[in-house]
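Comments concern the structure below.
No value in this document is a laboratory result; all are computed from the given coordinates. Computed from a predicted structure; not experimentally measured. Methodologically, a virtual Cβ is constructed for each residue, glycine included, from the backbone with ideal geometry; neighbour enumeration extends over all protein chains shown.
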Amino acid sequence: MSENEKEGFISKIHSVRENTSNISRKLSELDGEITEIDSSLAILPSKLQDLRQRGYIFLMYLDKSLDSLSSGWREVAPSTRQALRSLERSYRPEIDNLQAEIEEIERRIQRSSVDSIYRYEMLLKSLSSKTSVLEDNVEQNTQDLEKNLGRFTERISSIKRDVSIVEETLQLTSKASFKLREREYPLLALKAKYLAEEGKEGVFLLTDQRFVFEGERDVVLEKFWIFTTKKRKERFGIAEAPIGSISEIVKGRVGLIEWTGIYVRFKPETGWADMLFDVKGGEADTIVRFFNYLSNGDADLDKIDLEGKTTQNRNTTPTVVRCPYCGAPYSREIYRGQVSLICEYCGSSISMK
């Protein structure tokens, strides 16, 4: 046997060791999943309660899903832990024995001459066969446990994703250059780039009444000679429209190198051109999902006031709006979130506040 053949033999041993380690890792990962579920269901309710207290009143599915998940986990957690302990008792000793055998045969091979290595070939085949059988047994006996845990981890991951989105929304909205109107609530806010303004970077915001895009610029606070020593970010309005004036928000490719972005499209009668924004791929899906949630009425069904009372399908817009100056009725569509109108007859401004 040549030195190259000896190295190949050792490589096979490493492969068997890696397979054995994978079996051990699978059991450890299942234990880690159980720990993660316990931790998440302990932390998420208080985190969500904090977001509610800070004024986020949408996505009521989060509260309901957490209640359902917590209740379901309390029911199955004891039997799930018991099932994993049973698997550990059944397979952990066998895994440890195989790993010890593998280490021993590798030590022997490392000390042996090239010509004497063949004597370990059958032993290596035996270890490889034992590992394959163990791997199959563990895989088969952990499938149900993996599926049950997967159902919880998938739903928890979805909740964590939206909780993170809400946290960023409240953080970005708190620094907005405008104030929310009475009974106006933030729905979504994230970083974006407005492509029509030479790639102006800023914040894309949706409330239940309007769409706003704000740019960001640095404001110099202190300078030493020609060097800036202190500055801060300042936001300023670039675009604003009543939420009801938007016909759709869709995901698409934008820019010369086709970044993932979104198109904000307005109703034809507004005469406004589409607005294009460059955002991260996942955030494009988020914007579309949140706008659809608002436009299809689900947000109104979820909307609650700060006392916790449901306010479904609240509509404060009068059936007929008349100009306070000439008395003429306003006949055009009034968009959701619109705060002023122009009289078609005398040209006066009609406040909708």
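Please give the contour-minus-distance gain from Val76 to Ser128: 0.36 nm per residue of separation, less the Cα-Cα distance, rounded to one decimal in nm. Write out the running numbers ahead of the final one.
Values: separation 52, 0.36 × 52 = 18.72 nm, distance 3.62 nm.
Taking Val76 through Ser128 to full extension adds about 15.1 nm, to one decimal.
Within segment 16-49, list the residues whose amide N lies under 20 Å from a label point set 7 Å along Cα→Cβ of Arg107.
16-18, 20-21
In nm, to one decimal, how far is the Asp63 label point from the Ser349 one, both placed 7 Å along Cα→Cβ?
3.8 nm
May I ask you to give the average projected area over all directions of the convex hull of the Cα atoms of segment 3-173, in nm² rounded to one decimal?
Reported value for the Cα convex hull: 13.6 nm².
Using a Cα distance threshold of under 29 Å, what count of lysine pairs results for segment 3-173 when pairs must be 8 or more residues apart or interchain?
Taking segment 3-173 as the scope, the lysine pair count is 16.
Would you mind computing, in nm to one decimal, how far apart the modelled labels at Ser158 and Ile334 are, each placed 7 Å from Cα along Cα→Cβ?
Simple spin-label model gives 3.8 nm for this pair.
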